[in-house]
Amino acid sequence: MSAAEEIVTEAPAVEAVPKRAMTLGYGTSLIVLAALIVIPLFVKNFIIFQMTMLLIYALAVMALNILTGGSGQFSLGQSAFYAVGAYTSAILMEHAGMNYALTLPIAGIVCFAFGFLFGQPALRLSGVYLALATFALATAMPQLLKLGYFEEWTGGVQGLVVTKPDAPFGLPLSQDMWLYYFTLVISIAIYVASVNLLRSRSGRAFMAIRDNEIAASAMGVDVALYKTLAFGVSAGITGVAGGLGAIAVQFVAPDGYTIQLAISLFLGMVVGGVGWLPGSIVGSAFIIFVPNIAESFSKGLSGAVFGVLLFLVIFLVPHGARQIAIIAQQTMAKFKKN
Amino acid sequence: MTAVRLSLTALASAFALIVTSCNVAMAQKTYDIGASDTEIKIGNIMPYSGPASAYGVIGKTEAAYFKMINAAGGIRGRKITFISYDDGYSPPKTVEQARKLVESDGVLLVFNSLGTATNAAIQKYMNEKKVPQLFVASGASKWNNPKEFPWTMGWQPSYQDEAHIYAKYIIKHRPDAKVAVLYQNDDFGKDYLKGLKDGFGDKASMIVAEESYETSEPTIDSHIVKLKATGADTFISIATPKFAAQAIKKAAEIAWKPLQFVSNVSASVGGVMQPSGFENTQDILSAAYLKDGADPQWNNDPEMMKFLAFLKKDYPDGNRLDGATAYGYAAAQTLVKVLEMCGDDLTRANVMKQAASLRGFTPDTLLPGITINTSPTDFAPIKQLQLMRFKGEKWELFGDIMSGDLSN
């Protein structure tokens, strides 16, 4: 058996998801969107803050989903990109006095470049080896942020305090509510762009690489370019999420961007359904709210309770939220027939 | 005309009477969110999970203490509801939990939340919301800044205070010392180093060598070798327990015998001294402000007996050898004192006012002679420590209680 054959017969690391199954129908999308717009009008500021964090983590989870679900590459280093985005925004706002909204595209571009460059050496690695290389990035990042050389800008271990923006044009909105709608608009824009990206030629190239690298290169796909591009896009979106996160939390410090965050994002992706972009928000909800639920059961055993809940999810619905959505769809279809 | 004037006067005085009586009524019982006739809601954030989970014991001790206070009738008939959340030592999570406490649970104040970066993350928020961030559980000196952050107050002696005390001791007893400093390259180490330099003041040239290490380094041996090579005869180790033990061991290994100081953070007998080998730790100096539960000299101390009785009856899981129990007990006791001083005026402003007027208060587990004093310009409740020397298998306190204040 030749080496090529061996690779071909190997089961793909990520289950192939047809591109139509990657998104929601129009009707469902509109309902979700309406809920996201209306709910904040009726809840407390604290809940609005949590919903903002929900959107921000959903963006970061979706970025990972494009990388893993789209192009079939693993990453445990998303926290590093998130941190770079957060620090870029924070430093520009606090040291350069830049408007918060302008810092986000810069954070995105910086992270895109960072991810693209990191993608170059990562090209030679695949599967678990790539996961380990990105893991190294995630463990190194908090310490790099503490380095004395950058301390003047990063604030070292003390971190940086970020000023929360007020609503512009004298709009009668609280800071939290303004930031929520601001985040919502950006999230929707990035979601729509991502869906279109995956439906485009580039997206098809990503998926071809995911399903079979050799076949893809035989079809004329520039494997190296698209693999690094996927890394860049994923890092760029994560960077924007990081920047938004810094503004929402009003604080950046190295301790906020440990490997724990990378693992949480990875977890969110799996729970939401690998390769199913709308699942990102479900995954994000899981990583934000389930630890709180676990804590309410028992303080000392919150980690264990979280583990049990996670185990149940993986055991009962291995494909995450996507599986639930499919089941729901089938049941609906049955009702319609009757 | 006179009649009109008369009735006007009467009206005015009647009005004045109403106003004053209103004031009196207001002064009797005033509440902010989180306080009522029957309840005082206290928030708290602890790293029950994550890298600093060992400190979670502090939160558990405090919960047990408030439970005991409630069982004994509460504070002026009001029961304490202690809401403690886990932040896993992650600043973004701390922000979420603090907002939950303030906006969703409606606590009167956030008490003794733990960590430097985690508290820094919420300091601005708490001050914007004007909710007391009371008795922060961190030794950073920045909690004592009533001008900029009038709603934040520390509790334990700051790292800088402790460093001042070592500097004072060295200047007084070893004026010709050549001091080598090893410090951890983070907020803890740097705060401390600044304290040392301030403490030496114009004698800062006594520090002949400074070495910093990263917590990621597997061993700090090379730093110790370098410090020995400078010919220093006094060694101050500003390290967390694992590295402090490594430093003591390595110094013994290369036969470097300076006068050694270890920070209070690493003064644990079980965590640092024993693993370093008792033969290597003789005559090492440190400073303390809490009574050590492992030290038999406190066995018959009436105040310590109260603490031990509390552990036995109300918190049987608590380990007396773990300094975190004595810490949590004393911090909780300080809060109860402040709440008692508030009387029936349980507003956030009054809580800060009373917390800033503590005079000579002594929780049971503080060393005898150390008192808690605050004022509107002094938000550092504990500023005193006592030096101690390691003899045999335990610390022996010596000398007077020393203040970290540089002016005396």
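Bear in mind these aren't lab numbers, they're just calculated from the coordinates by the rules spelled out. It should be emphasised that the depicted structure is a prediction, and the values quoted were computed from it without experimental measurement. Neighbour counts run over all protein chains shown; Cβ positions are idealised from the backbone, glycine included.
Structure above, values below:
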quantity	calculated
Area projected by the alpha carbon convex hull of the protein assembly as shown, averaged over all directions, nm²	45.9 nm²
Pairs from B:K93/B:K129; B:K147/B:K203; B:K194/B:K291; B:K93/B:K383; B:K172/B:K394; A:K44/A:K164 whose Cα-Cα separation, in the structure shown, is over 20 Å	B:K147/B:K203; B:K194/B:K291; B:K93/B:K383; B:K172/B:K394
Chain B: DSSP helices with Cα axial extent of at least 27 Å and average Kyte-Doolittle hydropathy no lower than 1.0	B:2-28
Sequence of A:I47, A:I237, B:I220 once ranked by neighbouring C-beta atoms within 10 Å, starting from the fewest	A:I47, B:I220, A:I237
Environment charge of B:F200, counting only residues whose C-beta is closer than 15 Å and scoring Lys/Arg +1, Asp/Glu -1	+1
Neighbouring partner chain Cβ atoms per residue of B:125-131, average, 10 Å criterion	1
Mean Cα-pair separation over length for chain A, i.e. relative contact order, pairs under 8 Å, 6 or more apart, %	31 percent
Flagged links, alpha-carbon separation over 19 Å, of B:K226/B:K391; A:K146/B:K100; B:K60/B:K313	B:K226/B:K391; A:K146/B:K100
Centre separation in Å (Cα based) which lies between the range B:301-379 and the range A:217-269	46 Å
B:E103, B:E39 arranged by Cβ crowding within 10 Å, fewest neighbours leading	B:E39, B:E103
Packing-based exposure ordering (other Cβ within 10 Å, fewest first) of B:L134, A:L30, B:L346	A:L30, B:L346, B:L134
Where chymotrypsin sites (Phe, Trp or Tyr not before Pro) fall in DSSP loop in the range A:218-318, at most 10 other Cβ within 10 Å	none
